[in-house]
1. Quick check on A:E136: is it part of a helix (DSSP H, G or I), acidic (D, E), over 30 Å from B:P319 (Cα atoms) and more than 11 Å from chain B (Cβ to nearest Cβ)?
2. On the basis of being more than 13 Å from the chain's Cα centre (by Cα), part of a loop (DSSP other than H, G, I, E, B) and among the basic types (K, R), does B:R222 make the cut?
3. Considering the stretch A:286-320 alone, what residues qualify as being part of a loop (DSSP other than H, G, I, E, B), under 21 Å from A:A55 (Cα atoms) and either more than 13 Å from every other protein chain (Cβ to nearest Cβ) or out of contact with any Gly (no Cβ under 7 Å at 6 or more places or on another chain) (or both)?
4. Restricting to the stretch B:261-286, what's the tally of residues that are touching a helix residue (DSSP H, G or I) at 6+ places or on another chain (Cβ under 6 Å), surrounded by fewer than 23 Cβ atoms within 10 Å (Cβ to Cβ) and farther than 20 Å from B:A140 by Cβ?
5. Which condition number does B:A35 fail, the rest of (1) modelled with pLDDT of 95 or more; (2) within 13 Å of chain A (Cβ to nearest Cβ); (3) touching a helix residue (DSSP H, G or I) at 6+ places or on another chain (Cβ under 7 Å); (4) farther than 24 Å from A:A17 by Cα being met?
6. Does A:G108 fit the bill of being surrounded by fewer than 24 Cβ atoms within 10 Å (Cβ to Cβ) and either under 22 Å from the mean Cα position of the chain (by Cα) or of a type in the set (S, T, N, Q) (or both)?
7. Based on what the data block shows, is A:T72 within 14 Å of another protein chain (Cβ to nearest Cβ), touching a strand residue (DSSP E or B) at 6+ places or on another chain (Cβ under 8 Å) and hydroxyl-bearing (S, T, Y)?
8. When you scan the stretch A:169-190, do you find a residue that is within 14 Å of chain B (Cβ to nearest Cβ), out of contact with any Leu (no Cβ under 6 Å at 6 or more places or on another chain) and under 25 Å from A:E136 (Cα atoms), even just one?
Number of protein chains: 2
Amino acid sequence: VDGAAHERALERHAGLAKPPGSLGRLEDLGARLAAISGHCPPPVPSSPAVVVAAADHGVHAQGVSDWPQEVTAAMVATVASGGAAVNAIARTVGARVVVVDVGTLRLGPVPDGVRDERVRSATRDLAVEPAMTVEECRTAIGAGARVAAELIEGGTDLLVTGEVGIGNTTASAALFAAFTGADPADVTGKGANLDHGRTPHKVEVVRAALARHAADAAAGARGPLATLASLGGLEHAALVGVMLAGAAARIPVVVDGVVTGSAALAAVALCPDLAGYLVAGHTSAEPGGRTLPDRLGEPALLDLRMRLGEGTGALLAVPLVQAAARVLADMATLADVTKDAGQGGSPKVFGGG
Amino acid sequence: VDGAAHERALERHAGLAKPPGSLGRLEDLGARLAAISGHCPPPVPSSPAVVVAAADHGVHAQGVSDWPQEVTAAMVATVASGGAAVNAIARTVGARVVVVDVGTLRLGPVPDGVRDERVRSATRDLAVEPAMTVEECRTAIGAGARVAAELIEGGTDLLVTGEVGIGNTTASAALFAAFTGADPADVTGKGANLDHGRTPHKVEVVRAALARHAADAAAGARGPLATLASLGGLEHAALVGVMLAGAAARIPVVVDGVVTGSAALAAVALCPDLAGYLVAGHTSAEPGGRTLPDRLGEPALLDLRMRLGEGTGALLAVPLVQAAARVLADMATLADVTKDAGQGGSPKVFGGG
């Protein structure tokens, strides 16, 4: 990111027609957008798109979810038909929805409106073996990057991350534990389950996966890509690709909850500079996700106690990102206002008491 | 508000295609919108408007502000010309901006684009005498109600409250203290000042005003209207009118920060049922405003550490209100999704593990 543009944005904010600092976090966010784009004022994003990456998880066999795996494909079809929460919220904020199947368990063809980028039919069971080969993981990253790059080519100027995948909060907890060193008990939550009945078991499954992965790593499977392949899902990998493509094009990427957040951890481990392009949209309800803001350097913009995923929380942050850019672009300066007020154009008159 | 519609909305949410409760506060907000409109699903607001009420304050003579009073008229002109923060944010969320002068200190004519509803040129100094007569206060309430009713007549279906007025956080602190019984030291902040240098003095001014008002009340000037007239500003009164008109038309009114929040306290004191129509948009940075969510029954939707006023924080909550209505209107049910998944349409399959 461009530190000089960041500085210019902060200076510009100090001269706008308002008490200094009175737009709070919107000012910091505007400066980050300047740093991301390299321009001050930064462009106002007008064509947001949410990429909903979908896949199934071999770890479902361990009994980590209240929901049958068929729900993943059913929810993908619901997103494609416009009836999911992500669609309703995307309509509200004017965002395009692109749902990408990178590896659901399905017998029939991919329905209309779903981008077919299936790498394999669900991951392997991460509790007992690597969820993906490194090659499969790379392919899923490439699929996400390709989808995002095509969107950007078509005019998308703000990327939002979303996902669907029964079992994916277990994989997310494993990624959080692996990338942060946290104890599984501290980063594992109920996910989409109705209550915490399965949570202690999820913790044990994550613990087993980490032990298995540690042995694999000792045998040579080291590094962020190997960790992502070992413990993540195909949708996590695809979202890493989305983030990389966004950063490469210097556009902001909004992170949603714990699943996209764990993908963000993997992406930043692969490419530390990427952190500067990520905006935490909504506070995760999962204990792992709740640590993410510290890791991305700022709290999430929203905390509405949502825990649905799909990109719903991140989408609600889109107008905040747009507003942060627009105030920098549109506002009059304090000097303009003092001139209008016959104060001789000196901001000092305003601030000096 | 309509309690039966509220119940129907909660029931509807329980059957939508997502884990129950997973949209968090958006679900509660949707139920409130159903209660406000009397319909489930509630209409999705498509024509928001922010009413920016502007006035000056006699209490400025006490040295409560870093800013000269001329800034009020200068900021009104800036809003009218589209260069204020409220304009930039309104553009982002698709809201109309209506700026109403209910009593600025100005020598010349009201500029183009400003609605002229001046009741008097600034209030009297509330530290030493009632800021307004009850009649002036009524007139300002009527002006706000008229502006809002005309907007609603013209299609506005979501009202947002905003204000401009150098000195108005002092009046707001006095209203908070009077309506809640809080000590002035606990509800008075720096407002638009650059630092807390004047805050102890502001506390003493508020204390003097409350003592003066208590004496007036003992002499017969009792009741919420007398309190608002005694301690408030013309913009507070106008905003009470906006809130009353919104509630009368069964549309939600979004509260911004400490100034609109203190107007909300007065409005709810005048008409307790009004509380059900108010949505706290952004957490106030002022200590008085921070107590408001408890009084309105819910925390504010946003906390971006903004402290500008003008309606900026409330406007940023508009897409959240729209999204809360839209998910209720647009989402598929769990039964639809299970049917698609060949699960026989029983939500039980999804929740039962």
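The values are calculated or read from the model by the stated rules, or taken from the named source; none is laboratory data. Just so it is clear, the structure is predicted and the values come from calculations on it, not from any experiment. Please note: Cβ atoms are built from the backbone with ideal geometry, for glycine as well, and neighbour counts cover all protein chains shown.
1. On the way: part of a helix (DSSP H, G or I): yes; acidic (D, E): yes; over 30 Å from B:P319 (Cα atoms): yes; more than 11 Å from chain B (Cβ to nearest Cβ): yes.
So A:E136 fits the description; yes.
2. Numbers: more than 13 Å from the chain's Cα centre (by Cα): yes; part of a loop (DSSP other than H, G, I, E, B): yes; among the basic types (K, R): yes.
So B:R222 passes the test.
3. Within the stretch A:286-320, just A:L308 meets the criteria.
4. 1
5. Here B:A35 meets the rest and fails (2).
6. Details: surrounded by fewer than 24 Cβ atoms within 10 Å (Cβ to Cβ): yes; either under 22 Å from the mean Cα position of the chain (by Cα) or of a type in the set (S, T, N, Q) (or both): no.
So A:G108 fails the test.
7. Numbers: within 14 Å of another protein chain (Cβ to nearest Cβ): yes; touching a strand residue (DSSP E or B) at 6+ places or on another chain (Cβ under 8 Å): yes; hydroxyl-bearing (S, T, Y): yes.
Yes.
8. Here is the first cut: in the stretch A:169-190, the residues within 14 Å of chain B (Cβ to nearest Cβ) are A:169, A:189-190.
Restricting the remaining residues to those that are out of contact with any Leu (no Cβ under 6 Å at 6 or more places or on another chain) gives A:169, A:189-190.
Checking which are under 25 Å from A:E136 (Cα atoms) leaves us with A:169.
Scanning the stretch A:169-190, I find at least one residue that is within 14 Å of chain B (Cβ to nearest Cβ), out of contact with any Leu (no Cβ under 6 Å at 6 or more places or on another chain) and under 25 Å from A:E136 (Cα atoms), so the answer is yes.
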